[in-house]
Amino acid sequence: MKSKIILICGPTCTGKTNLSIFLAKKLDAEIINADATYIYREPSIATAKITNEEMKNIPHHMIDIISLNEDYSIYNYQKEARIILNNLIDQNKNIIIIGGSGLYIKALLYDYELEDSQPFKIDLSSYTNKELKQIADKIDENNNIHENNRQRLERYISHNQATGKTIKNTENRNNKLYNFISIGLTSDRETLYEKINNRVETMFNNGLLEEATSLKQQNLKNFTKIIGYKELNEYLSGQISLEEAKEKIKQNTRHYAKRQLTWFNNQMKDITWFNVNYDNFNETCKEIYNHIEKNYQTR
């Protein structure tokens, strides 16, 4: 039996976590996180992280793996998550990949070549654009970089000279490395924004301010990178009122959801989108499960 690999993506607050649990039960699958905030141990309320109770004893991977005081790159995620994904495939396990962080998903599932660190930038200022283009063409005549795009040419050549490797074209980055089905959850904007606003209110009722206060006192260096904390940091620093912080969290989360949807629509063309039925989410889950089963039967 070959592994079934299902990707669940889409903007925040569309029920991705609940769907992942439903499908994992149906398919006897394990879950790999592809959300950039779930990797941190300390945040809970601000990230709407799945709880141990909500996991329903289903194995989850790439959650709570580092501290907010540590740096973690997309390269780190790609390296570690692919080891887990490949091990599960070797065991013929079914796999659910869930997240709203588009670059994490691309790095995991596509031919997305990354380096452990940025290569040393070589001084190419003495070369004309035409000369840079000629050098780039000698590296790979199919590089598709325009002669007038000096920044890309310099980066392309510097990368090659520093690492001996060639930066892949965007087309290569769209090549799938695995056979998987992409499911997207979405909603009309008005409903989604209402759900986001309500979630923020629930977070405050569940202790978001207390969580932010505690983490700020620990002086964790990546504390303000997470929506919810960065706005409350302004409040705790006396820059804005609590009500202003709350409204900024709602606004920034809405903007983030919009960016997520735009990114997925532009960068991943093979997602099958489903409009969420918030009044009867179980019907949405069943519809998606039937789609998955039908899709795999025809492969």
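Only one of these is closer than 30 Å to residue 164 by Cβ and surrounded by fewer than 18 Cβ atoms within 10 Å (Cβ to Cβ): 65, 122, 58. Name it. It would help to see each step written out before you state the result.
Details: 65 fails: closer than 30 Å to residue 164 by Cβ; 58 fails: closer than 30 Å to residue 164 by Cβ.
Of the residues listed, the single one that is closer than 30 Å to residue 164 by Cβ and surrounded by fewer than 18 Cβ atoms within 10 Å (Cβ to Cβ) is 122.
Every residue in segment 190-228 that is under 24 Å from residue 258 (Cβ atoms) and outside any helix (DSSP H, G or I), please.
222, 226, 227, 228
Just to be sure, is residue 74 out of contact with any Phe, Trp or Tyr (no Cβ under 6 Å at 6 or more places or on another chain) and at pLDDT below 95?
Considered against the rule, which asks whether it is out of contact with any Phe, Trp or Tyr (no Cβ under 6 Å at 6 or more places or on another chain) and at pLDDT below 95, residue 74 comes out as yes.
If you go through segment 126-143 one residue at a time, do you hit one that is modelled with pLDDT of 95 or more and either part of a helix (DSSP H, G or I) or crowded, with 17+ Cβ neighbours inside 10 Å (or both)? If you could, list the steps in order and put the result at the bottom.
The first filter runs over segment 126-143 and keeps only residues modelled with pLDDT of 95 or more, leaving none.
There is no residue in segment 126-143 that is modelled with pLDDT of 95 or more and either part of a helix (DSSP H, G or I) or crowded, with 17+ Cβ neighbours inside 10 Å (or both).
Do we have residue 54 as assigned to a strand (DSSP E or B) and of a type in the set (Asp, Glu) here? Quick ask: steps written out before the conclusion?
Values: assigned to a strand (DSSP E or B): no; of a type in the set (Asp, Glu): yes.
Against the criterion (assigned to a strand (DSSP E or B) and of a type in the set (Asp, Glu)), residue 54 does not qualify.
Kindly indicate the residue of segment 185-206 that is polar (S, T, N, Q) and over 23 Å from residue 287 (Cα atoms) and also surrounded by the fewest Cβ atoms within 10 Å (Cβ to Cβ) among those meeting that condition. It would help to see each step written out before you state the result.
The first filter runs over segment 185-206 and keeps only residues polar (S, T, N, Q), leaving 186-187, 191, 197-198, 202, 205-206.
Filter once more, keeping what is over 23 Å from residue 287 (Cα atoms): 197-198, 202, 205-206.
Details: 197: 18, 198: 12, 202: 12, 205: 9, 206: 12.
The qualifying residue surrounded by the fewest Cβ atoms within 10 Å (Cβ to Cβ) is 205.
Within segment 91-108, which residues are under 15 Å from residue 180 (Cα atoms) and part of a helix (DSSP H, G or I)?
Of everything in segment 91-108, those that are under 15 Å from residue 180 (Cα atoms) and part of a helix (DSSP H, G or I) turn out to be 105, 106, 107, 108.
Basic (Lys, Arg), within 27 Å of residue 275 (Cβ to Cβ) and assigned by TED's automatic domain parsing to the domain that holds residue 264: does that describe residue 79? Break it down stepwise before answering.
Values: basic (Lys, Arg): yes; within 27 Å of residue 275 (Cβ to Cβ): no; assigned by TED's automatic domain parsing to the domain that holds residue 264: yes.
No; evaluated as a whole, the condition is false for this residue.
For segment 89-96, state whether one or more residues are under 15 Å from the mean Cα position of the chain (by Cα), surrounded by fewer than 17 Cβ atoms within 10 Å (Cβ to Cβ), modelled with pLDDT of 95 or more and charged (D, E, K, R).
Taking segment 89-96 first, the residues under 15 Å from the mean Cα position of the chain (by Cα) are 96.
Applying the additional criterion that residues be surrounded by fewer than 17 Cβ atoms within 10 Å (Cβ to Cβ) yields none.
No, segment 89-96 contains no residue that is under 15 Å from the mean Cα position of the chain (by Cα), surrounded by fewer than 17 Cβ atoms within 10 Å (Cβ to Cβ), modelled with pLDDT of 95 or more and charged (D, E, K, R).
Give the residue that is farthest from the chain's Cα centre (by Cα), with candidates limited to residues of segment 275-299 that are under 17 Å from residue 184 (Cβ atoms) and not in a helix (DSSP H, G or I).
Result: 277.
Among the residues of segment 28-69, which ones are in contact with a Pro (Cβ under 8 Å, 6 or more places away or on another chain) and β-branched (Val, Ile, Thr)? So that I can check it myself, show each step before the final result.
Initial filter on segment 28-69 (in contact with a Pro (Cβ under 8 Å, 6 or more places away or on another chain)): 30-31, 37, 49, 68.
Those that are in contact with a Pro (Cβ under 8 Å, 6 or more places away or on another chain) and β-branched (Val, Ile, Thr): 31, 37.
Checking the structure you have, find out if any residue of segment 246-266 is assigned to a loop (DSSP other than H, G, I, E, B) and either loosely packed, with under 13 Cβ neighbours inside 10 Å or more than 20 Å from the chain's Cα centre (by Cα) (or both). Even if it seems obvious, please write down each step before you answer.
Of all residues in segment 246-266, those assigned to a loop (DSSP other than H, G, I, E, B) come to none.
Checked against the condition, which is being assigned to a loop (DSSP other than H, G, I, E, B) and either loosely packed, with under 13 Cβ neighbours inside 10 Å or more than 20 Å from the chain's Cα centre (by Cα) (or both), segment 246-266 yields no hits at all.
Return the pair list, or none, for Cβ contacts closer than 6 Å from residues in segment 191-202 that are not assigned by TED's automatic domain parsing to the domain that holds residue 48 to residues that are at pLDDT 95 or above and surrounded by fewer than 18 Cβ atoms within 10 Å (Cβ to Cβ), at least 6 apart or on different chains.
none
Among the residues of segment 70-88, write down those that are among the basic types (Lys, Arg) and either buried (at least 18 other Cβ atoms within 10 Å of the Cβ) or farther than 17 Å from residue 30 by Cβ (or both). Please lay out each step first, then the result.
Applying the first criterion (among the basic types (Lys, Arg)) to segment 70-88 yields 79, 82.
Of everything in segment 70-88, just one residue is among the basic types (Lys, Arg) and either buried (at least 18 other Cβ atoms within 10 Å of the Cβ) or farther than 17 Å from residue 30 by Cβ (or both), namely 79.
Right, residue 185: outside any helix (DSSP H, G or I), in contact with a Pro (Cβ under 9 Å, 6 or more places away or on another chain), at pLDDT 95 or above and of a type outside the set (Phe, Trp, Tyr) or not?
On the way: outside any helix (DSSP H, G or I): yes; in contact with a Pro (Cβ under 9 Å, 6 or more places away or on another chain): yes; at pLDDT 95 or above: yes; of a type outside the set (Phe, Trp, Tyr): yes.
Spelling it out, residue 185 is indeed outside any helix (DSSP H, G or I), in contact with a Pro (Cβ under 9 Å, 6 or more places away or on another chain), at pLDDT 95 or above and of a type outside the set (Phe, Trp, Tyr).
The values are calculated or read from the model by the stated rules, or taken from the named source; none is laboratory data. As the structure is a computational prediction, the values presented were derived from the model and not from experiment. With ideal geometry, Cβ positions are generated from the backbone for all residues, glycine too; neighbour counts draw on all protein chains shown.
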